Amino acid sequence: MTTDLVARAQAGDGEAFRVLTEPYRRELQVHCYRMLGSFQDAEDALQDALLAAWQGIGAFEGRASIRTWLYRIATNRCLNALRAAGRRPTVQASVPGFAPPEPSRLGEVLWLEPYPDALLLGGIDVPPGPDAHYAQTEAVSLAFMTALQVLPARQRAVLVLREVLGFPADEVADMLDTTVASVHSALKRARSAVRRRVPPAGASELAPAPGSPAERALVDRLTRAYRSGDVDALVALLTDDVLLAMPPIPLEYVGRGPVAGFFTEVFRLRTYDVVPTRANGQPAVGTYLRAPAGEVRHGTGIDVLTLDGDRIRAITHFDSGVLPSFGLPRSLPPR
């Protein structure tokens, strides 16, 4: 069947090409997201890769599988995109009337966006190869994605291809036009860097199951705190070492005290209505400014929650530009 589809696609049959590549579309998009850290950039890279595959299908000789061939093209399109993007400028917090308190630290400037759980189906449930080290769900978490984004581009590619997807070293070397020795060297450096940033297995309590009553109860309590502006109620949900981050804004607040100080200033000016959603395999909420009855409630972004047992270990805020990717409106109608 595959041989027939390839022959038809090489003869110019667009429908045969679509049938040939469609089974890999969603997992390739997730791969591009891991490489680029942006949902929109991942979709652009995927479209670019599929166009390149269509234009190059005539040269496909079958020495590797269609899937491996597509991953080679997609990975190199992502590497090209990373080179073209260069270093993105620092983004400053700009809320009228709001002066953020002194942060605990300045994080590295990351270009990171959340990935809607609704689109993960078909992208992370693909059986990994024998060399995979990370579970597919773990390898799309915000902690892992953050660690990936600070790796040099080729180290990032090697780590994802080898330890997330499980491609053999010789295939990865072929994809990247390098040697097996170079792949091993890049992987060693990438592993070390990721270990310093991603908590080891067992370092935190098991989070409630997705959609479980325990998870819903925690999100409900956060919702009430956001709506009422109750800092004490919010802090009661947090671990002692909680992290508040707002990529690409570099301000980071670590610990209950600094996070409480931040939300005290926020709630002094505004409170929020929220709409539950999910991102990167984690619970999340779309946030909207509460407004007097009869007024539109404008969206401010999405907060993704990292859970540690029955507490929140991290709140990662993304601005309102990501709302449409989650099927959420830019604003809510008046109450």
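The values are calculated or read from the model by the stated rules, or taken from the named source; none is laboratory data. The model shown is predicted, which means the values in this text are computed figures rather than measured ones. For neighbour counting, all protein chains shown are included, and Cβ atoms are generated from backbone atoms with ideal geometry for every residue, glycine included.
The numbered conditions (1) under 18 Å from Phe98 (Cβ atoms); (2) surrounded by 16 or more Cβ atoms within 10 Å (Cβ to Cβ); (3) touching a residue at least 60 places away in the same chain (Cβ under 8 Å) are all true for Asn280 except (1).
Scanning for something under 21 Å from the mean Cα position of the chain (by Cα) and outside the structural domain of Leu79 (by TED's automatic domain parsing), does segment 225-240 turn up at least one residue? Give the derivation first.
Quick first cut of segment 225-240, residues under 21 Å from the mean Cα position of the chain (by Cα) only: none.
Within segment 225-240, none of the residues are under 21 Å from the mean Cα position of the chain (by Cα) and outside the structural domain of Leu79 (by TED's automatic domain parsing).
What tally of residues in segment 304-323 results from selecting those that are surrounded by 20 or more Cβ atoms within 10 Å (Cβ to Cβ) and of a type in the set (Lys, Arg)? Even if it seems obvious, please write down each step before you answer.
So in segment 304-323, the residues surrounded by 20 or more Cβ atoms within 10 Å (Cβ to Cβ) come out as 304-307, 312-316, 318, 322-323.
Filter again for of a type in the set (Lys, Arg), leaving 313.
Counting residues in segment 304-323 that are surrounded by 20 or more Cβ atoms within 10 Å (Cβ to Cβ) and of a type in the set (Lys, Arg) gives 1.
Picking from Gly286, Gly301, which residue would you name as being crowded, with 22+ Cβ neighbours inside 10 Å, more than 23 Å from Ala139 (Cβ to Cβ) and at pLDDT 95 or above? The match here is Gly286.
Look through segment 134-184, keep the residues that are closer than 22 Å to Asp41 by Cβ and of a type in the set (Lys, Arg), and return whichever of them is surrounded by the fewest Cβ atoms within 10 Å (Cβ to Cβ). Going through the qualifying residues, I end up with Arg154. Where in segment 135-195 are there helices (runs of 4 or more DSSP H), lying fully within it, with 3 or more residues that are over 22 Å from the mean Cα position of the chain (by Cα) and touching a residue at least 60 places away in the same chain (Cβ under 8 Å)? Filter on segment 135-195 gives 169-175.
The residues listed here are Pro200, Pro213; of these, the one that is under 18 Å from Gly309 (Cβ atoms) and either crowded, with 16+ Cβ neighbours inside 10 Å or within 21 Å of the chain's Cα centre (by Cα) (or both) is Pro200. For Ser320, the conditions (1) free of Cβ contacts under 8 Å to residues at least 24 places away in the same chain; (2) in contact with a strand residue (DSSP E or B) (Cβ under 9 Å, 6 or more places away or on another chain); (3) closer than 22 Å to Leu218 by Cα all hold with the exception of (3). Do we have any residue at all in segment 107-124 that's buried (at least 17 other Cβ atoms within 10 Å of the Cβ) and either without any contact (Cβ under 8 Å) to a residue 40 or more places away in the chain or part of a strand (DSSP E or B) (or both)? The answer is yes, given that some residue of segment 107-124 is buried (at least 17 other Cβ atoms within 10 Å of the Cβ) and either without any contact (Cβ under 8 Å) to a residue 40 or more places away in the chain or part of a strand (DSSP E or B) (or both). In segment 1-40, the qualifying residues are those that are within 30 Å of Ser141 (Cα to Cα) and among the aliphatic types (A, V, I, L, M), and the one that is surrounded by the most Cβ atoms within 10 Å (Cβ to Cβ) is Leu36.
Taken over segment 215-247, the criterion of being farther than 17 Å from Tyr272 by Cα, assigned to a helix (DSSP H, G or I) and touching a Leu at 6+ places or on another chain (Cβ under 9 Å) is satisfied by Glu215 alone.
Filtered by the rule that a residue be of a type outside the set (Gly, Ala, Ser) and surrounded by fewer than 19 Cβ atoms within 10 Å (Cβ to Cβ), segment 41-67 gives Glu43, Asp44, Gln47, Asp48, Leu51, Trp54, Gln55, Phe60, Glu61, Arg63, Arg67.
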